[in-house]
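Visitor: Pasting a structure below so you can have a look.
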Protein chains: 2
Amino acid sequence: MAPSVEDSNNNTAAAAIGGGVENGTPPPEKSRVTVVGSGNWGSVAAKLIASNTLKLNSFHDEVRMWVFEETLPTGEKLSEVINRTNENVKYLPGIKLGKNVIADPNLENAVKDANMLVFVTPHQFMEGICKRIVGKIRKDAEAISLIKGMEVKKEGPCMISSLISEQLGINCCVLMGANIANEIAVEKFSEATVGYRKSKDIAEKWVQLFNISYFNVSAVQDVEGVELCGTLKNVVAIAAGLVDGLEMGNNTKAAIMRIGLREMKAFSKLLFPSVKDSTFFESCGVADLITTCLGGRNRKCAEAFARNGGKRSFDELEAEMLQGQKLQGVSTAKEVYEVLRHRGWLELFPLFSTVHEICIGRLPPTAIVEYSEHTPKFSLVGGSNQFF
Amino acid sequence: MAPSVEDSNNNTAAAAIGGGVENGTPPPEKSRVTVVGSGNWGSVAAKLIASNTLKLNSFHDEVRMWVFEETLPTGEKLSEVINRTNENVKYLPGIKLGKNVIADPNLENAVKDANMLVFVTPHQFMEGICKRIVGKIRKDAEAISLIKGMEVKKEGPCMISSLISEQLGINCCVLMGANIANEIAVEKFSEATVGYRKSKDIAEKWVQLFNISYFNVSAVQDVEGVELCGTLKNVVAIAAGLVDGLEMGNNTKAAIMRIGLREMKAFSKLLFPSVKDSTFFESCGVADLITTCLGGRNRKCAEAFARNGGKRSFDELEAEMLQGQKLQGVSTAKEVYEVLRHRGWLELFPLFSTVHEICIGRLPPTAIVEYSEHTPKFSLVGGSNQFF
């Protein structure tokens, strides 16, 4: 059984601020947060949140973190080591998470009391996790997804936040941004964007929970826009990596990134007309795109792919360079391609479709520039003009 | 006397296409282009244009290029060597400009017959050039400025395109973008944006003149937006270089670039309400910002400045690193600061104002992150909300 944390905030003080027992209204219930996931980014998210729950009266101090249990080479359980050392020794070594982070290997137990659920797992696990916890969470729970990627089904693309919302019957926001986990872990300045659907109050609560001096969070009313930014940027990072591998220089790289941003915006707006242009100026948009195209594993593997003239497959390079991690950009490019083909939009998105065709070996790496040179001008796009 | 080029296009053919003598209307007059300036970017611009005038019937083949005459170490005149070798041996060695580029050291002679004037000189020379040629150009001439920078006068900032327009009494478009001259010279793919004021036909003519397979040009009706992008990005590049020198990582750099883009947009819209958000998604906006913050001399000197803890001045680093070239970012930051102070906007633009205060030694290089962390959120900005 995972331990728990006593609340350090004085309830009486909280009641006095919130409108206490004296005037007949009960003190507002404190929110309980659980982080579902404990990888690199999940651990950093828990650290950020845990430093804020200590400071904010409206939250319980304790932050529960569901850990997919593993046995370490020492024979110990990962969750036990996290609770003993206060460090995720496997996925974020050297960083103290905060004593109020409690690792819990039991998923159902970890989520049952929380009214704020933070989902941060590889995207292919989310459907299974939802099936396991449906009916076992609080009915008033609010969710936020930090997960990048989407599921493409016959009926169309399904965003992870929609999957969570539909399967669990709860509202789901998203948080995306230029967020290399290890840099935030050592408290280097960065920004993030919360996307919310309706309630600005809920968005504000998530901002409170994540925002800290070195992590500047803003909220925008555009779940799909924010989430698609986080997902699609990985496809552009493949394109940017190809340009690096071809040694085309900074002009070309900047042009490819811009065309990529343009296709991200157009694709998002064609799928969800509510998506706002302004979202692409937020951290989740242009800033995350820049970070991902400067560093990042998608860029890196694509660079190696181009240097090898496309003769070694992405699968092979992934296995060699990423120690078992998968390249999100390659699978997202495939998913995007399927949507484009299904809807007859392939010609409108030369960069997205070319990235996929390069990934599967149908086109050579040099095609990334040749095809992008044929970016549709507004006169060719006709009725879809407003999306570009 | 500079030589001249015979027109290779058959006038009769042109007349037949354009509606010729047979039906009573004279053939439309062919446009004559002069490039005012012959530095690195000016020479590349002449090369681009010269390859297009050969192909387009509506232009005279010859492209005249005004050369600020210099005597080379060999004792020869620069303009004579350009006309003999077809290369600007001093500012763009190794690149053939096209036989139809004619270097002309006589400014008045170079401009007198042209109805399309391309201005591409250091910005501090433009006022003097205008004074020399006013009244000596064609009344129907159209101008385009490739010049970055602005003049701040008592009555407010004056863009170079406005200076040209006002002093010469002619219309002036601008062309800006992610355009490292040497990369375009070797025909690597890039993009650019033409900003125009009223006439879409004129904009199309400039696009025709510059656009080529490896140089993709689009036009937007937003002269001030396009021109301010080209000017202000140098201030952001200083900020990005400081982050590089402080070794803050890619998250922070992306955040600073995003905040910079946001301030570019807000500053432009506050000065010129006609400026469009969409302009910042064009090559002149996000792409030029990326190129300039990845490479570029502003970034490079600012990195060195931060590495030295601000102990060696920009003047000193400039002299050492730039062989006599001046850092546009430092002077633009000062000009922007004066506008902000004069209008009481300093607090709305923490990044812009901090860059200037770091440049003059009033704040340490680390302030770039500390002050940017205090980016005004929309709730603080109040009535100016729509600009951010």
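The values are calculated or read from the model by the stated rules, or taken from the named source; none is laboratory data. What you are looking at is a predicted structure, and each value in this text was computed from that prediction instead of being measured. All Cβ positions, even for glycine, are placed from backbone atoms using ideal geometry, and neighbour counts span all protein chains on display.
Visitor: Take the residues of region A:84-101 that are touching a helix residue (DSSP H, G or I) at 6+ places or on another chain (Cβ under 7 Å) and assigned to a strand (DSSP E or B): which is surrounded by the fewest Cβ atoms within 10 Å (Cβ to Cβ)?
Guide: A:I95
Visitor: Next up: Taking the stated definitions as given, is A:A110 of a type in the set (G, A, S), part of a strand (DSSP E or B) and under 25 Å from A:S51 (Cβ atoms)?
Guide: No, not satisfied.
Visitor: Let me ask you something else. Across region A:205-261, what is the total count of residues that are under 22 Å from A:Y337 (Cβ atoms) and of a type in the set (V, I, T)?
Guide: 7
Visitor: Then there is this: Going through B:F281, B:F305 one at a time, which residue ends up being among the aromatic types (F, W, Y), touching a Phe, Trp or Tyr at 6+ places or on another chain (Cβ under 9 Å) and under 23 Å from A:A266 (Cα atoms)?
Guide: The match here is B:F281.
Visitor: Could you check region B:168-184 and list, in sequence order, the residues that are within 9 Å of another protein chain (Cβ to nearest Cβ) and touching a residue at least 60 places away in the same chain (Cβ under 8 Å)?
Guide: Selection gives B:G177, B:A178, B:N179, B:I180, B:N182, B:I184.
Visitor: Further question: Can you tell me which residue within region A:297-312, out of those that are of a type in the set (D, E, K, R) and assigned to a helix (DSSP H, G or I), is nearest to the other protein chains (Cβ to nearest Cβ)?
Guide: So, considering only residues that are of a type in the set (D, E, K, R) and assigned to a helix (DSSP H, G or I), the one nearest to the other protein chains (Cβ to nearest Cβ) is A:R299.
Visitor: Same structure, new question: Kindly indicate whether any position in region A:57-71 is touching a residue at least 60 places away in the same chain (Cβ under 8 Å), buried (at least 20 other Cβ atoms within 10 Å of the Cβ) and hydrophobic (A, V, I, L, M, F, W, C).
Guide: Yes, region A:57-71 has at least one match.
Visitor: Among the candidates A:T121, A:T34, single out the residue that is surrounded by 17 or more Cβ atoms within 10 Å (Cβ to Cβ), in contact with a Gly (Cβ under 6 Å, 6 or more places away or on another chain), within 30 Å of A:T332 (Cα to Cα) and hydroxyl-bearing (S, T, Y).
Guide: Testing whether each residue is surrounded by 17 or more Cβ atoms within 10 Å (Cβ to Cβ), in contact with a Gly (Cβ under 6 Å, 6 or more places away or on another chain), within 30 Å of A:T332 (Cα to Cα) and hydroxyl-bearing (S, T, Y) leaves just A:T121.
Visitor: Then there is this: Among the residues in region B:118-131, are any in a loop (DSSP other than H, G, I, E, B) and in contact with a Lys or Arg (Cβ under 6 Å, 6 or more places away or on another chain)?
Guide: No.
Visitor: In addition: Would you call B:V81 part of a helix (DSSP H, G or I), of a type in the set (V, I, T) and touching a strand residue (DSSP E or B) at 6+ places or on another chain (Cβ under 7 Å)?
Guide: no
Visitor: Same structure, new question: Among the residues of region B:341-366 satisfying the criterion of being touching a residue at least 60 places away in the same chain (Cβ under 8 Å) and of a type in the set (A, V, I, L, M, F, W, C), which is surrounded by the fewest Cβ atoms within 10 Å (Cβ to Cβ)?
Guide: Step by step, filter region B:341-366, then rank; the result is B:W345.
Visitor: Give me the residue from region B:107-144 that is touching a residue at least 12 places away in the same chain (Cβ under 8 Å) and of a type in the set (G, A, S) and, out of that set, farthest from B:W41 (Cα to Cα).
Guide: Here the residue is B:A141.
Visitor: Scan the helices (runs of 4 or more DSSP H) fully inside region B:185-296 and keep the ones with 3 or more residues being among the acidic types (D, E) and more than 10 Å from chain A (Cβ to nearest Cβ).
Guide: Result: B:223-245.
Visitor: If B:S283 passes every condition in (1) surrounded by fewer than 24 Cβ atoms within 10 Å (Cβ to Cβ); (2) modelled with pLDDT of 95 or more but one, which one does it miss?
Guide: It is condition (1) that B:S283 fails.
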